[in-house]
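Reviewing the structure listed below.
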Amino acid sequence: MDEKKTDILMEKIVALAKRRGFVFPGSEIYGGLANSYEYGPVGAELKRNIQNEWWRTFVQGRGDMVGLDSSIILHPKVWEASGHASGFSDAMIECKKCHTRTRADHLIENHFEERNESMGVEGKKEFELDEIIQTNKIKCPVCGSFDWTPVRKFNLLFETHVGIVPESQSKVYLRGETAQGIFVAFKNITDSTRVKLPFGVGQLGKSFRNEITKGNWIFRTLEFEQAEIEYFFNPELTEWKPLFEKWKEDMEAFVTGTLGVSKENLRWREHGDEERSFYSKRTEDLEYRFPFGFKELWGLAYRTDYDLNQHMKFSGIDLSYTDPATGKKFVPHVIEPAVGINRLMAMTMLESYREENDRVYLKLPPRIAPYKVAVFPLLANKPALVEKARDIHDELQKRFPVAWDDRGNIGKRYYAQDEIGTPFCVTVDFDTLGEGGNEKKDTVTVRDRDTGEQERVPITNLGEYLHGNVYR
Ligand code: ATP
């Protein structure tokens, strides 16, 4: 797609998301808060469904995984041990004229991308970024001036305080990632369960980062739902390279299979030596072709035994594992797949957007669609139709999330359900009541979102029909 078309797609998705109750700008009645959003009635469902699918696939659906739900506020030493307190920083620059603050690496990347060129900025020092900005005379994207402060680092962790009286308060951080909670709980998990290496721990929950650049809608936000796995193994018994490749396959299968994303919009990018953390042997990002370019969706890193060793050092507690067969003690290595659910959701909405003639619909995989079915009485002012439709709605609601609509005409109702990606619409009409003869009595019209085709289904089979088509 050319650039103009993709920009328009982004605008359309953002507008649809607001209009239909997927995503609203954060704190809007107070003028908004940059890089924060609210998930509306259908957005909350879609996000939750993606989370549930992730959990079902990677935690409940595997014999070698267990789940965890650790704290958002952890002991401050956790972030010293992990290196976040000192090293989790981005390079920032400020325009002296309009005071726009932005990340220096993003400023440079955007400048070169607009010219269809590229410039590697990963791992560059502040003075090197300054040099690139000065040499290429990169201007402020907001006011057009070329008058920057020098580049300086700032930490992404949000600070807060525990304790009620100022003298006894202590500084803590909101977690910048969920992964550290897994290392902190490692000993409790191995002590309390029967897990044996290799095994993984999955965790899903909010993480917080003080992001200052324009976030591209829900792609980059101050708080986000992170889904991370630490997969522990014994490097003497399990080769890391095939394991790494297997995780790549599993991640890709989730994106293409469960979320219905086309392979051609995905690519893997390996981090070079400058970009990769010093303790990581290999890091690769699964990237999606967002309208603003190929960007990281899901990271995969082989982190060796670095994190557990750091926590042993800082806590003084032995976090090694004893092989039950040999009695040998060692510190396990880990491979870490880490993703943001919000990014998955943005990708899924962009990917499923369809325009056909005057019809707009989201071709969401039925499993993750906010509602699986909508039920309508043909006419809202005919009590017999409304009552029958209500009965069907209430019965289906015992099994599926169901929408109800009796406003306007059927065409408008289809239009609204198409835009939120409801895979099936059920209409109760006079034939259902038996007014068209016995043949169609107690049957309803089921309309398929993707084809627009309609078929008559007996009410008694409706639950099975929908179940079969939604969870196929
Ligand atoms: P980026 O380079 O885009 O800032 P990152 O490399 O810092 O991301 P990681 O620390 O590897 O990201 O986090 C793992 C995953 O968490 C990312 O792949 C992304 O899906 C998600 N993520 C990270 N930061 C944010 C954010 N601010 N908003 C939404 N999702 C995020």
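Just a few scattered comments:
- Some residue of the range 165-187 being within 19 Å of GLU223 (Cβ to Cβ), within 15 Å of the ligand (Cβ to nearest atom), in a helix (DSSP H, G or I) and of a type in the set (Gly, Ala, Ser): yes
- Matching residues, the range 187-214, being closer than 23 Å to PHE158 by Cα and of a type outside the set (Phe, Trp, Tyr): GLN203, LEU204, GLY205, LYS206, SER207, ARG209, ASN210, GLU211, ILE212, THR213, LYS214
- Scanning the range 325-373 for residues that are away from the ligand (no atom under 16 Å from the Cβ), in contact (Cβ under 8 Å) with a residue 24 or more places away in the chain and within 15 Å of PHE233 (Cβ to Cβ) gives PHE330, VAL331, PRO332, HIS333.
- Residue satisfying condition, being among the β-branched types (Val, Ile, Thr), assigned to a loop (DSSP other than H, G, I, E, B) and over 30 Å from ALA346 (Cα atoms), within set THR432, THR460, THR427: THR432
- Any pair with Cβ under 7 angstrom, 6 or more apart, that starts in the range 116-137 at a residue that is without any contact (Cβ under 8 Å) to a residue 40 or more places away in the chain and ends at one that is in a loop (DSSP other than H, G, I, E, B): GLU126/VAL151; LEU129/VAL121; LEU129/VAL151; ASP130/PRO150; ASP130/VAL151; ILE132/MET119; LYS137/PHE146
- Which numbered condition GLY299 fails, given (1) at pLDDT below 95; (2) of a type in the set (Gly, Ala, Ser); (3) within 23 Å of HIS106 (Cβ to Cβ): (1)
- Scanning the range 75-126 for residues that are within 24 Å of the chain's Cα centre (by Cα) and in a loop (DSSP other than H, G, I, E, B) yields PHE88, GLU122.
- Single match in GLN310, GLN226 (criterion: over 19 Å from LYS196 (Cα atoms), at pLDDT 95 or above and within 18 Å of the chain's Cα centre (by Cα)): GLN226
- Qualifying residue in the range 397-408 (condition: closer than 25 Å to VAL14 by Cβ, small (Gly, Ala, Ser) and in contact with a strand residue (DSSP E or B) (Cβ under 6 Å, 6 or more places away or on another chain)): yes
- Any hit, the range 237-259, residues being part of a strand (DSSP E or B) and exposed (fewer than 15 other Cβ atoms within 10 Å of the Cβ): no
Yes or no, residue by residue, for (1) within 12 Å of the ligand (Cβ to nearest atom); (2) outside the structural domain of GLY181 (by TED's automatic domain parsing); (3) touching a Phe, Trp or Tyr at 6+ places or on another chain (Cβ under 7 Å); (4) among the hydrophobic types (A, V, I, L, M, F, W, C):
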| position | (1), (2), (3), (4) |
| --- | --- |
| TRP240 | no, no, yes, yes |
| THR258 | no, no, no, no |
| ARG267 | no, no, yes, no |
| HIS271 | yes, no, no, no |
| TYR279 | no, no, yes, no |
| PHE290 | yes, no, yes, yes |
| TYR302 | no, no, yes, no |
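- Any hit, the range 195-209, residues being within 11 Å of the ligand (Cβ to nearest atom) and part of a loop (DSSP other than H, G, I, E, B): yes
- Within the range 251-295, the set of residues being in contact with a strand residue (DSSP E or B) (Cβ under 8 Å, 6 or more places away or on another chain), among the aromatic types (Phe, Trp, Tyr) and more than 15 Å from ILE341 (Cα to Cα) comprises TRP268, TYR279, PHE294.
- Qualifying residue in the range 227-234 (condition: touching a residue at least 24 places away in the same chain (Cβ under 8 Å), surrounded by fewer than 21 Cβ atoms within 10 Å (Cβ to Cβ) and either part of a helix (DSSP H, G or I) or touching a Ser or Thr at 6+ places or on another chain (Cβ under 6 Å) (or both)): no
- Some residue of the range 347-357 being closer than 20 Å to PRO401 by Cβ, touching a strand residue (DSSP E or B) at 6+ places or on another chain (Cβ under 8 Å) and of a type in the set (Gly, Ala, Ser): yes
- Filtered residues of the range 397-436 (kept if closer than 22 Å to PRO458 by Cβ and among the acidic types (Asp, Glu)): ASP429, ASP431, GLU435
The values are calculated or read from the model by the stated rules, or taken from the named source; none is laboratory data. Here the structure is a predicted model, which is why all the values come from computation and not from measurement. When we count neighbours, we look across all protein chains shown, and the Cβ atoms used for this are built from the backbone with ideal geometry, even at glycine.
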